[in-house]
Amino acid sequence: MSSSSSGAGRRPSADDLLVLLAVGRSGRFVSAAEELGINHTTISRRIAALEHTLGGRVLTRAAGGWELTELGREALAAAEVVESAVKSLAADVSGNRVLEGVVRISATDGFSAYLAAPAAADVQRQHPKITVEIVATTRRASTQRSGLDLEVVVGEPQVHRATAIRLSDYCLGLYAARDYLRDHGAPASIEELTQHPLVYFIDSMLQVDDLDLASSFAPAMRESVTSTNVFVHVEATRAAAGIGLLPCFMADRHPDLTRILPDQVSVKLTYWLVARAETLRRPEVSAFVTALRTKVHQQRPALLGS
C-alpha cells in the first residue's frame, strides 16, 4: 500500500496518540475506555486512524491484551510529550503542577497492608488527586500486565518488555503463641520440629516458588492450618494452632508471639517491583514509586527482623 493511500506521512492526531497512551499502559481497550471516558468502539476507531496515519501497526495481540509494536513505542513516546504538555497547564495556586490519575498496584497481602497502604496515604497527603488501587494477591509476575500499573512479587521475576526493580530483602522465621508453648513446650532443635504442626501456605495452591520453604528445614512437620493468606497464618499462630512460618515484619508486631529457633531458621526472600517502562514515566506512578521506596527503606530493620 502506498504512503498516499495509507495516510503515512500525515501528522497524527493528538487525541489518537492519547488513546494509544492509555491502551499501551493498560494493555486493554476496556481499561483505556474507562480511563478516558469513551466507549470501546471509539478506542478501536482511534487506534485504526492512528495506524492509517502512521502507515503501520502500533499494537499487536498478546496473551490477555495488547502489546506495543516498535512503531507503537515510537508513537507512545510522542504521546507522552502531548500528555505532559496538557498536564503542565494544570497547576495549583502556588504554581506547582497538580498530579492526578489512578495508580493500580498488585502486591502480596502483607506488603499491601504494611507498606503499599502507608505509601499510598503519603502520596494522598501530597497529591490529593492521585487515587491508589491496591490488589492484594500472592503470585508470580504477570506475563501480561493488563489493568495493572505496578506489581510487587516475591523472588526475582523473569519479565518481558518490563522493568524489574529490587525493593528489599525480608526475613521469615518460626513463631509460636505463648499459650501454645505453655501447652506443648518449645522445640530445642530442628529435629524436634517434627513433633509440632506447621501453619503456612496451602502447598498445592502455592504459586510462588521462593515461598516453597517448609520442606527445606522441616520436611516432617505435619500441616495444621494452611491458607493462601498470610494474615490467616498470623492469626492461626496467635490462636495456638501450631508453629507458624511468618514474615518477621508481621509477626514481630504481636507481643503474644515468640520466635522459635531464630539462629537455625531465618529465611531471606526479596520483594521486587515490576512495571512497564512507559508506566514508570507517568508522573503519578513515579510519585507513588518514590513514596513506596521511601517507606520500604524506613521499614528495612522490621523487614529483616532486626
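The values are calculated or read from the model by the stated rules, or taken from the named source; none is laboratory data. Please read these numbers as outputs of a predicted model, since none were measured by experiment. Ideal geometry is used to build each Cβ from the backbone, glycine not excepted, and the neighbour counts take in all protein chains shown.
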Among the residues of the stretch 147-161, how many are surrounded by 16 or more Cβ atoms within 10 Å (Cβ to Cβ) and on the phi > 0 side of the Ramachandran plot?
1
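Please go through the stretch 90-143 and pick out each residue that is small (Gly, Ala, Ser), modelled with pLDDT under 90 and surrounded by 14 or more Cβ atoms within 10 Å (Cβ to Cβ). I'd like the intermediate steps shown before the answer.
First, the residues of the stretch 90-143 that are small (Gly, Ala, Ser): 90-91, 94-95, 101, 106-107, 110, 112-113, 116-117, 119-121, 136, 141-142.
In the following step, the residues that additionally are modelled with pLDDT under 90 were identified as 90-91, 94-95, 101, 136, 141-142.
Within the stretch 90-143, Gly101, Ala136, Ala141, Ser142 meet the criteria.
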From Ser224, Ser216, grab the single residue that is surrounded by fewer than 16 Cβ atoms within 10 Å (Cβ to Cβ), at pLDDT below 95 and not acidic (Asp, Glu).
Ser216
Pick out, from the stretch 12-119, the strands (runs of 3 or more DSSP E) lying fully within it that include 3 or more residues that are within 30 Å of Leu304 (Cβ to Cβ).
101-107
Subset of the stretch 258-306 [modelled with pLDDT of 95 or more, more than 30 Å from Glu67 (Cα to Cα) and of a type in the set (S, T, N, Q)]:
Thr258, Thr294, Gln298, Gln299
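So which of Leu273, Leu261, Leu304 is under 24 Å from Pro187 (Cα atoms) and buried (at least 18 other Cβ atoms within 10 Å of the Cβ)? So that I can check it myself, show each step before the final result.
On the way: Leu273 fails: under 24 Å from Pro187 (Cα atoms); Leu304 fails: buried (at least 18 other Cβ atoms within 10 Å of the Cβ).
None of the other options fit; the residue is Leu261.
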